Amino acid sequence: MDGQALRRARLACGLSLDALAEALGSGATRHQLIACVAGRCRPDPPRLVALAKALDVPPEQLAGVKPYWANLADLRHWAALTAEAAAPSFGFSRWSLLRAEKTGQLPLFWGTRDAFVRIAAHCYARPHGIVLGALRRTELRHATLASRLLG
(Lines give C-alpha, C1' and ligand atoms only; values in the text may rest on other atoms or scores of the structure.)
Protein backbone atom coordinates (compact mmCIF):
# COMPACT_ATOMS: atom_id res chain seq x y z
CA MET A 1 0.00 0.00 0.00
CA ASP A 2 1.24 3.44 -0.90
CA GLY A 3 0.58 5.52 2.20
CA GLN A 4 1.03 8.78 0.35
CA ALA A 5 -1.48 7.74 -2.31
CA LEU A 6 -3.95 7.01 0.48
CA ARG A 7 -3.26 10.43 2.00
CA ARG A 8 -3.66 12.23 -1.35
CA ALA A 9 -6.92 10.42 -2.14
CA ARG A 10 -8.30 11.16 1.33
CA LEU A 11 -7.44 14.85 1.06
CA ALA A 12 -8.86 15.04 -2.47
CA CYS A 13 -12.17 13.78 -1.07
CA GLY A 14 -11.98 16.28 1.79
CA LEU A 15 -12.19 13.56 4.44
CA SER A 16 -10.56 13.62 7.84
CA LEU A 17 -9.07 10.37 9.16
CA ASP A 18 -12.02 10.08 11.54
CA ALA A 19 -14.54 10.61 8.72
CA LEU A 20 -12.81 8.01 6.55
CA ALA A 21 -12.76 5.51 9.44
CA GLU A 22 -16.46 6.13 9.99
CA ALA A 23 -17.19 5.68 6.26
CA LEU A 24 -15.37 2.33 6.33
CA GLY A 25 -17.25 1.09 9.38
CA SER A 26 -16.55 -2.47 10.55
CA GLY A 27 -14.25 -1.36 13.35
CA ALA A 28 -11.87 0.77 11.30
CA THR A 29 -10.09 3.32 13.44
CA ARG A 30 -8.18 6.51 12.90
CA HIS A 31 -5.08 4.81 14.35
CA GLN A 32 -5.28 1.98 11.79
CA LEU A 33 -5.48 4.52 8.98
CA ILE A 34 -2.49 6.43 10.38
CA ALA A 35 -0.53 3.16 10.40
CA CYS A 36 -1.46 2.55 6.75
CA VAL A 37 -0.40 6.06 5.72
CA ALA A 38 2.89 5.57 7.58
CA GLY A 39 3.45 2.22 5.84
CA ARG A 40 3.30 0.19 9.05
CA CYS A 41 0.34 -1.90 7.96
CA ARG A 42 -1.15 -3.34 4.81
CA PRO A 43 -4.92 -3.70 4.77
CA ASP A 44 -6.37 -7.07 3.88
CA PRO A 45 -7.89 -7.29 0.37
CA PRO A 46 -11.52 -6.58 1.36
CA ARG A 47 -10.46 -3.54 3.42
CA LEU A 48 -8.24 -2.25 0.58
CA VAL A 49 -11.20 -2.36 -1.80
CA ALA A 50 -13.46 -0.74 0.83
CA LEU A 51 -10.90 2.06 1.22
CA ALA A 52 -10.78 2.54 -2.55
CA LYS A 53 -14.59 2.67 -2.78
CA ALA A 54 -14.84 5.14 0.12
CA LEU A 55 -12.28 7.37 -1.62
CA ASP A 56 -13.74 6.80 -5.11
CA VAL A 57 -10.43 5.60 -6.57
CA PRO A 58 -9.38 2.24 -8.05
CA PRO A 59 -7.57 -0.08 -5.62
CA GLU A 60 -4.44 -0.03 -7.76
CA GLN A 61 -4.12 3.71 -7.14
CA LEU A 62 -3.90 3.08 -3.39
CA ALA A 63 -1.44 0.26 -3.98
CA GLY A 64 0.79 2.58 -6.01
CA VAL A 65 1.16 -0.05 -8.75
CA LYS A 66 0.08 0.30 -12.37
CA PRO A 67 -2.00 -2.68 -13.56
CA TYR A 68 0.59 -3.57 -16.21
CA TRP A 69 3.29 -3.89 -13.49
CA ALA A 70 1.11 -5.72 -10.99
CA ASN A 71 1.92 -9.17 -9.70
CA LEU A 72 -0.64 -11.93 -9.26
CA ALA A 73 -1.18 -11.13 -5.57
CA ASP A 74 -1.88 -7.47 -6.43
CA LEU A 75 -4.56 -8.52 -8.91
CA ARG A 76 -6.16 -10.78 -6.31
CA HIS A 77 -6.06 -8.05 -3.66
CA TRP A 78 -7.68 -5.53 -6.01
CA ALA A 79 -10.52 -7.99 -6.50
CA ALA A 80 -11.04 -8.01 -2.68
CA LEU A 81 -10.11 -11.69 -2.49
CA THR A 82 -8.00 -13.42 0.10
CA ALA A 83 -6.00 -16.45 -1.06
CA GLU A 84 -8.39 -18.63 0.90
CA ALA A 85 -11.40 -17.19 -0.93
CA ALA A 86 -9.80 -17.31 -4.39
CA ALA A 87 -8.17 -20.77 -4.28
CA PRO A 88 -11.36 -22.86 -4.77
CA SER A 89 -11.94 -21.12 -8.13
CA PHE A 90 -8.68 -22.67 -9.32
CA GLY A 91 -9.35 -26.04 -7.72
CA PHE A 92 -6.36 -26.02 -5.42
CA SER A 93 -5.39 -25.01 -1.91
CA ARG A 94 -4.62 -21.57 -0.59
CA TRP A 95 -0.99 -22.61 -0.21
CA SER A 96 -0.79 -23.69 -3.85
CA LEU A 97 -2.23 -20.36 -4.93
CA LEU A 98 0.24 -18.43 -2.76
CA ARG A 99 3.09 -20.52 -4.23
CA ALA A 100 1.87 -19.77 -7.77
CA GLU A 101 1.74 -16.06 -6.91
CA LYS A 102 5.25 -16.11 -5.50
CA THR A 103 7.02 -18.38 -7.98
CA GLY A 104 4.77 -18.61 -11.03
CA GLN A 105 4.81 -22.40 -10.67
CA LEU A 106 1.43 -24.07 -10.91
CA PRO A 107 0.68 -27.34 -9.06
CA LEU A 108 1.82 -30.45 -10.92
CA PHE A 109 -1.74 -31.71 -11.37
CA TRP A 110 -2.88 -28.41 -12.83
CA GLY A 111 -3.81 -28.15 -16.48
CA THR A 112 -2.46 -25.53 -18.82
CA ARG A 113 -1.04 -22.16 -18.02
CA ASP A 114 -3.66 -20.59 -20.28
CA ALA A 115 -6.46 -22.17 -18.20
CA PHE A 116 -4.95 -20.63 -15.06
CA VAL A 117 -4.77 -17.22 -16.74
CA ARG A 118 -8.35 -17.52 -18.01
CA ILE A 119 -9.69 -18.39 -14.53
CA ALA A 120 -7.61 -15.65 -12.86
CA ALA A 121 -8.79 -13.06 -15.39
CA HIS A 122 -12.39 -14.00 -14.63
CA CYS A 123 -11.96 -14.14 -10.82
CA TYR A 124 -9.93 -10.95 -10.60
CA ALA A 125 -12.00 -9.08 -13.23
CA ARG A 126 -8.89 -8.15 -15.20
CA PRO A 127 -8.04 -8.53 -18.89
CA HIS A 128 -6.31 -11.74 -19.97
CA GLY A 129 -3.19 -9.80 -21.02
CA ILE A 130 -2.79 -8.15 -17.60
CA VAL A 131 -2.98 -11.53 -15.84
CA LEU A 132 -0.64 -13.20 -18.34
CA GLY A 133 1.86 -10.36 -17.89
CA ALA A 134 1.70 -10.71 -14.10
CA LEU A 135 2.33 -14.46 -14.37
CA ARG A 136 5.26 -13.95 -16.76
CA ARG A 137 6.84 -11.31 -14.50
CA THR A 138 6.49 -13.67 -11.53
CA GLU A 139 8.12 -16.52 -13.46
CA LEU A 140 10.94 -14.24 -14.61
CA ARG A 141 11.59 -12.86 -11.10
CA HIS A 142 11.65 -16.37 -9.66
CA ALA A 143 13.99 -17.66 -12.40
CA THR A 144 16.32 -14.67 -11.95
CA LEU A 145 16.42 -15.14 -8.18
CA ALA A 146 17.08 -18.87 -8.54
CA SER A 147 19.93 -18.29 -10.99
CA ARG A 148 21.53 -15.76 -8.61
CA LEU A 149 21.28 -18.18 -5.70
CA LEU A 150 22.62 -21.12 -7.69
CA GLY A 151 25.28 -19.30 -9.28
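The values are calculated or read from the model by the stated rules, or taken from the named source; none is laboratory data. No experiment lies behind these values; they were computed from the predicted model shown. Please note: Cβ atoms are built from the backbone with ideal geometry, for glycine as well, and neighbour counts cover all protein chains shown. Calculation scope for accessible area: heavy atoms of the full protein, side chains included, ligands and nucleic acids excluded. Shrake-Rupley method; radii C 1.70, N 1.55, O 1.52, S 1.80 Å.
Here are the numbers for this structure:
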read-out: Qualifying residue in segment 132-149 (condition: under 17 Å from TRP69 (Cβ atoms), open to solvent by less than 40 Å² (accessible area, probe 1.4 Å) and of a type in the set (Val, Ile, Thr)); value: yes
read-out: Residue check for PHE92: touching a Leu at 6+ places or on another chain (Cβ under 9 Å), over 22 Å from VAL49 (Cα atoms) and not in a helix (DSSP H, G or I); value: yes
read-out: Test result for VAL57, modelled with pLDDT of 90 or more, out of contact with any strand residue (DSSP E or B) (no Cβ under 9 Å at 6 or more places or on another chain), open to solvent by less than 70 Å² (accessible area, probe 1.4 Å) and among the β-branched types (Val, Ile, Thr); value: yes
read-out: Subset of segment 61-76 that is in a helix (DSSP H, G or I) and open to solvent by 30 Å² or more (accessible area, probe 1.4 Å) - its residue that is farthest from ARG137 (Cα to Cα); value: GLN61
read-out: Close pairs (8 angstrom Cβ cut-off, 6 or more residues apart or separate chains): under 21 Å from VAL49 (Cα atoms) and basic (Lys, Arg) in segment 107-128, in a helix (DSSP H, G or I) and open to solvent by less than 80 Å² (accessible area, probe 1.4 Å) anywhere; value: ARG126/PRO67; ARG126/LEU75; ARG126/TRP78; ARG126/ALA120
